[in-house]
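Where a number appears in this text, it was derived from the coordinates with a stated rule and is not lab data. Keep in mind that what you see is a predicted model, and the values were worked out from it rather than measured. Every residue, glycine among them, receives a Cβ derived from its backbone with ideal geometry; neighbour counts consider all protein chains shown.
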DNA sequence: CGTTGTATGATGGAATACCAAAAAACGGAA
DNA sequence: TTCCGTTTTTTGGTATTCCATCATACAACG
């Protein structure tokens, strides 16, 4: 009775230790994704030290990490700058998303467990609520939850991180697009249809619906972007200035 | 006469690795991919300093970078170790490759320029030669060139890096599989068929052939792996020991 | 003999000071 | 204005130091 083995690993201690580096990394990454640090912004190491309150050692490590993740670019001896997303980048991202989210939907339809489907359902319900309330931010959170459930249901933890980073890269574009009530509602409807296909274990339909959904998102996003941008075909797709130097040649925009 | 532009980039100095960090990064990454550092190997920072001849700062930077790329894992308070590729990881990678290489083939068939097709042709010819000579290493080099041309032809620089890293992750599995002459020859034939479809601008066939090719590669690789592995279904797919500690519990294997 | 407490060494996390090299900014001369 | 050299800023990189934590060995104790 009461021997330790019977407990299994239920009381295994949580070994996660939020290091300074991880906290700083998260803050900086969020600032980049959220747009507080605009694309093209020069990231001066010592300035970041002050901003984040950590040493240069830590700053340099997280800069390398963000570089590997593609959020910043780092020409040697020139210093890191926030990466830009060109119109062509956006196209590639949408095309990749179409293929991978189609795959995820197909696999999810065949493999998803009831718990996964429940999560999908909750996410869709949450989205509908958020749209009804006009809360874009909440809508996006539920979208993320939806895709997380979708990739989990498909048994693809690897794809999850990759797709999430791609979606983040289009964050600006997406929030513009979803702030139009019509597009937001349409997006929810399409996801709900996808969910229905998954419930019916109809993998072919699920794949097709997911692909169509990405295509529609793309058209909506690039369509709205074109309304803002003066030269829609050539310019960065409303995401970032592809040639920031062209306008004010003197001082590059810097952090802080 | 003799103006600088006429020289083109013929005498462009090799700026590929100007910084120590990049050189060290490349060396370490190669060592991981090549298997000189087996999965599960503990990477002790101070040891790596000696090995690479750089300071701890640089070592830590490249460790963070490799961590972001997924080549190493870094459990808190334990220190970085070379990542393992489980059988489930391998499955996910193959499924992702199937979707993305199918996409690349489809787009390449519609978008490829003559120069791209030439590169594909050269790569296939090179592969055939290498297989005839029984040179697995050369074969793999041409495979990489083939996929590079394919993704370029599809206009997908982003996908290129991602797919390349996935292929690298299966490097061991692949070299085992391709050292069987039968599979090697079959692989070339399948790629040649894909090339023909691209030449004919038959995007649907190209996609299907690319997907089939990945599926066949997968079956071949996992099939051969099963011949070696004692418990094929559960064990890491011949790629790495998923539980390296199980055998010799005393000292963990360390670098050098 | 087995259990428990403690000393110790190895290692990662982090800060700091320092120097070299490259690039950018600046300022003066033609 | 444009060109050229100088100064300043910033990154690349090293060395050193300190601390927290962990794993192990070992001693003490029942």
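Label separation (residue B:180 vs residue A:175): 5.2 nm, computed from points 7 Å beyond Cα along the C-beta direction. Each Cα pair of segment A:54-147 feeds into the Kirkwood radius, which the Stokes-Einstein equation turns, at 37 °C and 0.692 mPa s, into a diffusion coefficient of 196 µm²/s.
Pairwise Cα separations in segment A:20-84 fall into 10 Å bins from 0 onward with the following percentages, short to long: 24, 63, 13. The largest-to-smallest principal axis extents of the Cα set in segment B:137-188 are 33, 20, 15 Å.
Peptide B:87-97 has a mean of 3 when you count, residue by residue, the C-beta atoms of other protein chains within 10 Å of its C-beta. Normalised by the number of residues in segment B:87-228, the mean separation of alpha-carbon contacts (under 8 Å, six or more apart) gives a relative contact order of 38 percent.
Counting, for every residue in A:60-68, the Cβ atoms of other protein chains within 10 Å of its Cβ and taking the mean gives 6. Value of Rg to Rh for segment B:87-228, rounded to two decimals, is 0.94; Kirkwood radius and Rg both from alpha-carbon coordinates. Take each residue in B:21-30, count the other chain C-beta atoms within 10 Å of its C-beta, and the mean is 1. Would segment B:62-113 count as rounded, prolate or oblate if I go by the C-alpha gyration tensor, calling it rounded below 1.5 in a/c and otherwise prolate when a/b exceeds b/c, oblate otherwise? Oblate, since a/c reaches 1.5 and b/c is not below a/b.
Listed peptides B:116-124, B:32-40 appear in the order B:116-124, B:32-40 once ranked by packing, highest mean of other Cβ atoms within 10 Å at the front. Distance between the modelled labels on residue A:196 and residue B:202, one decimal in nanometres: 3.7 nm (7 Å Cα→Cβ projection).
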